[in-house]
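Just so it is clear, none of the values below were taken in a lab; they were calculated from the coordinates. Just so it is clear, the model here is predicted, and its values are computed rather than measured. Every residue, glycine as well, gets a Cβ built from its backbone with ideal geometry; the counts of neighbours run over all protein chains shown.
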Amino acid sequence: MLTRRLSAFLLVALLGLLAGCTGSSKKGATVKGTIILPKNVTLKENETIQLAFVPEAGGDKTYTGTVSGAEHAFTAREVPPGKYKITVKLDPYQGEQDSNKRAKEYEKLSAAWDKGHTPLSYEVTDAATQEITIDLGTGKVTKKE
């Protein structure tokens, strides 16, 4: 009798473990791509761009992208499927002589792409990897096929 109970308990525990593993294996997509700056904006070498995917359905969780290099390439990992607004913030390097002036200019520009104003949106699908281009000059997001 004890053996039967122990076997049943182990079977239930194993099934629960397997169900938990299969349910959590889908962490979301990797969304990568490039940002095209407006024609009148040129970042200095050590200035940065912050990128975030904000769920249109609401909630506190955002998914950030790491932007790097002169080509402004980015990668955002583990973004669940759904519709997102994309926010963009330009940041001057604080060690530069004119960083305060550039900060004010970037603040005005970045306001157009903040959570309350951004025209940028994208629907993340079930595909594991997705590639997009974000054109800040036109306000369009284009999926690369």
Under 5 Å between amide hydrogens, which residues at least 5 positions from Gly65 or on another chain qualify, with H placed 1.01 Å from N in the peptide plane?
Leu51, Ala52, Phe53
Label-point separation in nm, Asp135 to Ala112, each point 7 Å along Cα→Cβ:
1.4
Fully extended, how many nm does the chain gain between Lys89 and Thr62 (0.36 nm per residue separation, minus their Cα-Cα distance)?
8.3 nm
Segment Thr34-Asp126, length gained on full extension (0.36 nm per residue, minus Cα span)
31.1 nm
Convex hull over the Cα atoms of region 27-143, averaged projected area in nm²?
7.2
